[in-house]
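The values are calculated or read from the model by the stated rules, or taken from the named source; none is laboratory data. Since we're looking at a predicted model, the values are computed, not measured. Here the Cβ is made from the backbone with ideal geometry for all residues, glycine too, and neighbour counts use every protein chain on show.
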Amino acid sequence: MPEHRHIGEPERAAILQSLAAKGFCVVEDFAGGALLADLNTEFAQCIERGGPGIRQGSRPRRPAATIRVDRASPALLPAILGTFASRDLGQIAREYVAAATTINDRIKATWDRRPGKITDVHFDSRRALKFFLYLCDTTESNGALRYAAGSHRANTAIRARHLRRGGRLMDVPNVALPNEDLTFDTLEGGRGTLLVFDTDGFHAPTLLTSGEERKVLRARTLFPGQSRSPKPPTWQWLRTTRLNPYSWWGEELPEARRPRTQGTARARPRARESHPAQRASETDRPPGN
Ligand SMILES: O=C(O)CCC(=O)C(=O)O
C-alpha cells in the first residue's frame with residue numbers, strides 16, 4: 001500500500017511551532033504518485049457511490065461525503081483510512097490537542113464545482129485540529145484556503161468567555177464582521193499538499209472561478225469537552241443551566257443574550273456591534289464544523 005511522505009521529528013516540531021504561532025502550517029508534497037491516484041479514486045467512490053460508514057451529500061452547493069472512520073471499510077478505502085490514521089498525523093494531533101479522545105475520527109470529502117463563494121470567513125464553533133489535503137492543484141482561483149494568522153488565540157478566548165456565561169457552543173459568535181481588520185495568508189498548494197490548521201483561526205476559501213474545481217479530503221480531531229448536547233452532570237452541561245451564576249447577569253452580556261437563529265438563515269451582525277467578541281452568530285455552518 002503506498003504511503004505518504006514521512007514527517008520526521010524536526011518537521012513535526014516545526015509544524016507544531018507554526019500551529020502555535022500562526023494557527024496553520026503547509027506541508028508540501030505530503031502525498032504523491034500512486035497514493036494520490038488511490039486517494040482520488042477512493043474520493044470519487046465516497047462521493048458517487050458511498051459505502052459502509054459513508055454518508056453522502058451534506059451540502060446543496062457541492063457533492064460531499066462524510067466518512068465515520070470506526071464504521072468504514074478498510075478494504076474499500078485503504079488509502080484514505082491509512083493516510084489519516086497514520087502515525088505521523090496521529091502524533092501531531094496528540095501533541096497539539098492535549099487529551100483528545102478521538103483522533104481523525106471523521107473524514108470529509110468535498111468536491112467544489114460550482115463557481116462563487118464556498119464559505120464565509122468564520123472559525124468553527126467546535127475547536128478542532130484539521131488535516132486538509134488538496135487532491136488537485138489549488139490556487140487563488142479555485143478555493144485555496146485563506147487563514148488569518150494568529151487569530152486563533154483571540155477566538156479561543158471569545159468562545160471560552162461565551163461558554164462561561166452559559167452560552168451554547170452552537171451559538172458562539174464565529175462569523176467575522178465585514179469591518180473586522182483581518183489579514184489573510186492564501187494557502188496555495190499543488191496536489192498532495194497537506195494543510196494543518198487550528199479551526200479557531202478565521203478561515204475561508206477563495207472564490208471558485210467558473211470552470212474550475214477543487215477536491216479536498218479533511219479530517220478533524222476535536223478538542224475535548226465539546227459535546228453538542230452536553231449531558232448532566234458534566235461541567236459543560238452545568239454551565240448551560242441556571243445553576244451557572246455567570247448566566248444570572250445575562251442582561252449585561254449582550255453576546256450571551258443573542259437569540260439563537262434556526263435552520264440555515266445566517267444571523268446578521270447588528271449595526272452597533274463592533275467589538276470582535278460581538279460577532280454575528282452563525283448557523284449556516286460552514287463545512288467541517
Ligand atoms: O474550504 C472549505 O471547504 C472550508 C473549510 C472549513 O471551513 C473547514 O474545514 O473548517
Margin query: Among the listed residues Pro178, Pro173, identify the single one that is away from the ligand (no atom under 15 Å from the Cβ) and buried (at least 24 other Cβ atoms within 10 Å of the Cβ).
Written below: Pro173
Next item on the list: Residues being modelled with pLDDT of 95 or more, more than 10 Å from the ligand (Cβ to nearest atom) and closer than 23 Å to Glu48 by Cα: count how many of those fall in segment 86-115.
Entry: 6
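Restricting to segment 1-17, and then to whatever is free of Cβ contacts under 8 Å to residues at least 40 places away in the same chain and not charged (D, E, K, R), can you tell me which residue is farthest from Phe132 (Cα to Cα)? Walk me through it before giving the result.
As a first pass, look at segment 1-17 and keep what is free of Cβ contacts under 8 Å to residues at least 40 places away in the same chain: 5, 8-11, 13-14, 17.
Checking the rest, the ones that are also not charged (D, E, K, R) come to 8, 10, 13-14, 17.
Details: Gly8: 19, Pro10: 21, Ala13: 19, Ala14: 17, Gln17: 18 Å.
Among those residues, the one meeting the criterion is Pro10.
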Note to self: Being small (Gly, Ala, Ser), more than 13 Å from the ligand (Cβ to nearest atom) and in contact with a Lys or Arg (Cβ under 6 Å, 6 or more places away or on another chain) is the filter here; which residues of segment 136-149 pass it?
What the structure shows: Ala149
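Looking at segment 178-198, is at least one residue within 30 Å of Gly32 (Cβ to Cβ) and of a type in the set (Ser, Thr, Tyr)? Working first, answer last.
Taking segment 178-198 and keeping what is within 30 Å of Gly32 (Cβ to Cβ), we get 184-198.
Filter again for of a type in the set (Ser, Thr, Tyr), leaving 186, 193.
Yes, segment 178-198 has at least one match.
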Check: Does any residue in segment 29-46 that is at negative phi come within less than 6 Å, Cβ to Cβ, of a residue that is part of a helix (DSSP H, G or I) and of a type in the set (Val, Ile, Thr) six or more places away or on a different chain, and which pairs are these?
Finding: Glu42/Ile80
Note to self: Suppose we keep only residues that are of a type in the set (Phe, Trp, Tyr), surrounded by 18 or more Cβ atoms within 10 Å (Cβ to Cβ) and assigned to a loop (DSSP other than H, G, I, E, B) within segment 183-226. Which one would you say is nearest to the ligand (Cβ to nearest atom)?
What the structure shows: Phe202
Notebook entry, point to check: If you scan segment 1-25, which residues turn out to be modelled with pLDDT of 95 or more, closer than 28 Å to Glu42 by Cα and aliphatic (A, V, I, L, M)?
Noted result: Ile7, Ile15
Notebook entry, point to check: Which of the residues spanning segment 6-59 are under 19 Å from Arg220 (Cβ atoms), in a helix (DSSP H, G or I) and polar (S, T, N, Q)?
Noted result: Ser18
Notebook entry, point to check: Does any residue of segment 117-126 turn out to be at pLDDT below 95, touching a Pro at 6+ places or on another chain (Cβ under 9 Å) and within 30 Å of Pro74 (Cα to Cα)?
Noted result: yes
